[in-house]
Amino acid sequence: MTLTSGEHSLHAALKLEKEFTKHIHEITKVCDSGDDFHAADWLTTQLLDEQLKGVRHLAGLVNELQVLKAKNQALGEWIFDQQLGKK
């Protein structure tokens, strides 16, 4: 996969995070059906919670970049880069 811009990279990262979250849900279902409730509980309380925070963070970054680029693409990207560097 060739990443052509910062926005494309953020979209690609968000897509991968969503796919990973989907896989966690699938594993949780297998644990539930196999009576491994401890594993299912750990997946949902520890791993899934952290995963969803990451997805929300990336989605927020994508939205922020799109808003900044709405009026002036080059300036919006520059401002986003400056803000991201301070975080």
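The values are calculated or read from the model by the stated rules, or taken from the named source; none is laboratory data. Computed from a prediction, not measured in an experiment: that's the story for all the values here. When we count neighbours, we look across all protein chains shown, and the Cβ atoms used for this are built from the backbone with ideal geometry, even at glycine.
Checking His38 against (1) modelled with pLDDT of 90 or more; (2) under 17 Å from the mean Cα position of the chain (by Cα), which test does it fail?
It fails just one condition, (2).
Counting just the residues of segment 1-28 that are assigned to a helix (DSSP H, G or I) and of a type in the set (A, V, I, L, M, F, W, C), which one comes out surrounded by the most Cβ atoms within 10 Å (Cβ to Cβ)? Break it down stepwise before answering.
At the first step, the residues of segment 1-28 found to be assigned to a helix (DSSP H, G or I) are 6-28.
Add one more test, that the residue is of a type in the set (A, V, I, L, M, F, W, C), and what stays is 10, 12-14, 16, 20, 24, 27.
Values: Leu10: 20, Ala12: 13, Ala13: 16, Leu14: 17, Leu16: 12, Phe20: 14, Ile24: 15, Ile27: 16.
Checked segment 1-28; the qualifying residue surrounded by the most Cβ atoms within 10 Å (Cβ to Cβ) is Leu10.
What number of residues within segment 18-32 satisfy the criterion of being in contact with a helix residue (DSSP H, G or I) (Cβ under 7 Å, 6 or more places away or on another chain) and modelled with pLDDT of 90 or more?
7
So which residues in segment 29-51 are exposed (fewer than 14 other Cβ atoms within 10 Å of the Cβ) and either assigned to a helix (DSSP H, G or I) or of a type in the set (Asp, Glu) (or both)?
At the first step, the residues of segment 29-51 found to be exposed (fewer than 14 other Cβ atoms within 10 Å of the Cβ) are 29-30, 33-35, 37-38, 41, 45-46, 49-50.
The answer is Lys29, Val30, Ser33, Asp35, Phe37, His38, Asp41, Thr45, Gln46, Asp49, Glu50.
Which numbered condition in (1) at pLDDT below 90; (2) not in a loop (DSSP other than H, G, I, E, B); (3) not hydrophobic (A, V, I, L, M, F, W, C) is the only one that Gln66 fails?
(1)
Got at least one residue in segment 70-82 being exposed (fewer than 15 other Cβ atoms within 10 Å of the Cβ), free of Cβ contacts under 8 Å to residues at least 12 places away in the same chain, of a type in the set (Gly, Ala, Ser) and in contact with a helix residue (DSSP H, G or I) (Cβ under 9 Å, 6 or more places away or on another chain)?
Looking for residues that are exposed (fewer than 15 other Cβ atoms within 10 Å of the Cβ), free of Cβ contacts under 8 Å to residues at least 12 places away in the same chain, of a type in the set (Gly, Ala, Ser) and in contact with a helix residue (DSSP H, G or I) (Cβ under 9 Å, 6 or more places away or on another chain), one finds at least one in segment 70-82, hence yes.
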